[in-house]
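The values are calculated or read from the model by the stated rules, or taken from the named source; none is laboratory data. Just so you know, these numbers come straight off a predicted model, no measurement behind them. Heads up, the Cβs are rebuilt from the backbone with ideal geometry, glycines too, and the neighbour counts pull from every protein chain shown.
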Amino acid sequence: MFVKLLGTIAGGGYPQWNCACKRCKKARRTEPNKIRYHACLAISVDKHNWHLLNAPPDIAQQIEAHKELHPNFSRNSPIKSILLTDAELDHTIGLLVLRENSKFRIFGTKSVLKALSHSFPVRQILSSYARLDFHEVNVGQSFELEPNKLEVTPIKSGNKKPRYINDSNTNNNDWVIAYHIKDLQSQKSIVYAPAIEIWDKQIKSHLAQTEYAFIDGTFWSDDEMLDTCNIAKNASAMGHVPLNGIGNTLHQIKEMNLPKTILVHINNTNPILDSSSMEYKNITDQGIEIGSEGMEIEL
């Protein structure tokens, strides 16, 4: 299995277009040509057929940055599937971007597909533009993304529904999932979990079975948004366990002794984006890698 990190950043990219925090200012000043895209992963078993995990707003730019994802002739994209971890705008707007006579499968939970049919009616909008095949996935039920080649198991990783969902009766618990993806030939696997709201036995069990863990690195601390941008929202309310703190993500990673951990979905306010920060040193000293655009792995 071949894995490519196309993007690593949470909503808004980095630097974020409407943010003047010290990290965004420094990024504009010191690395004006280095773009960090919204979190997205591509996987393939043969480098010909590719599957994307999520469809962020800048997906077209991400595709252009990687020649393996370019069409080999007119209107023939090597992208065959998109697996959605949730229905957040940052992970689904790209479906509209990929509308031009596209033909691929879209996988998501019942709640996610319902959201894309009603509150954010992507399915209806795209029906006149693209040939899309929607597939419902269920937590804990494995399916073969490619017969005898790739097996995928959805893992519950949170309950937070998007803010645009107004139905107060929507109590489904499958709003946020991670994916455990196994190469059936090599028997090696990865877990992609860009949003972890709670560390439970299920996600720990899957992580213990994998060679590479792409884990939610959105926030360093719970009150980071308030301290950096004067926004009164904490990490937990936004559906993310912060990295630092007793029982939080770094503690969980150390306790599980994972073979290889890569942080993704990093918010622009997170100090680990600054390689001169103490937080960056803390992460790298523990052998944890901070995801970067273009990172490639072969299992």
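Residue check: is Ala55 of a type in the set (Gly, Ala, Ser), more than 14 Å from Glu293 (Cα to Cα) and surrounded by 14 or more Cβ atoms within 10 Å (Cβ to Cβ)?
yes
Which of the residues that make up the stretch 59-68 are surrounded by fewer than 23 Cβ atoms within 10 Å (Cβ to Cβ) and more than 18 Å from Leu132 (Cα to Cα)?
Across the stretch 59-68, the qualifying residues are Gln61, Glu64, Ala65, His66, Lys67, Glu68.
This table checks each residue for (1) in contact with a strand residue (DSSP E or B) (Cβ under 6 Å, 6 or more places away or on another chain); (2) farther than 23 Å from Gly294 by Cα.
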{"residue": "Ile79", "(1), (2)": "yes, no"}
{"residue": "Glu88", "(1), (2)": "no, yes"}
{"residue": "Lys103", "(1), (2)": "yes, yes"}
{"residue": "Ala115", "(1), (2)": "no, yes"}
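Any residue in the stretch 258-276 that is over 20 Å from the mean Cα position of the chain (by Cα), basic (Lys, Arg) and either modelled with pLDDT of 95 or more or in a loop (DSSP other than H, G, I, E, B) (or both)?
No, the stretch 258-276 contains no residue that is over 20 Å from the mean Cα position of the chain (by Cα), basic (Lys, Arg) and either modelled with pLDDT of 95 or more or in a loop (DSSP other than H, G, I, E, B) (or both).
If you scan the stretch 277-298, which residues turn out to be within 20 Å of the chain's Cα centre (by Cα), assigned to a loop (DSSP other than H, G, I, E, B) and not acidic (Asp, Glu)?
Within the stretch 277-298, Ile288, Gly291, Ser292, Gly294, Met295 meet the criteria.
For the stretch 266-289, what are the residues that are over 19 Å from Cys19 (Cβ atoms) and buried (at least 18 other Cβ atoms within 10 Å of the Cβ)?
Once the filter is applied, which keeps residues that are over 19 Å from Cys19 (Cβ atoms) and buried (at least 18 other Cβ atoms within 10 Å of the Cβ), the stretch 266-289 yields Ile283, Ile288.
I'd like to verify a number: residues in the stretch 112-130 that are surrounded by 13 or more Cβ atoms within 10 Å (Cβ to Cβ) and more than 14 Å from Ala87 (Cβ to Cβ), how many?
So the answer is 4.
Given (1) surrounded by 13 or more Cβ atoms within 10 Å (Cβ to Cβ); (2) within 20 Å of the chain's Cα centre (by Cα); (3) on the phi < 0 side of the Ramachandran plot, where does Cys21 come up short, assuming only one miss?
(2)
Condition (residue is more than 20 Å from Arg105 (Cα to Cα), in contact (Cβ under 8 Å) with a residue 24 or more places away in the chain and small (Gly, Ala, Ser)) applied to the stretch 160-173: is it met by at least one residue?
No, the stretch 160-173 has no match at all.
If I go through the stretch 241-279 residue by residue, how many of them are in contact with a strand residue (DSSP E or B) (Cβ under 7 Å, 6 or more places away or on another chain) and of a type outside the set (Val, Ile, Thr)?
6
How do the pairs read when you match residues in the stretch 75-99 that are touching a residue at least 60 places away in the same chain (Cβ under 8 Å) with residues anywhere that are in a helix (DSSP H, G or I), using Cβ under 6 Å and keeping only pairs 6 or more apart or on different chains?
Note: pairs meeting the criteria are Ala87/Val112; Ala87/Ala115.
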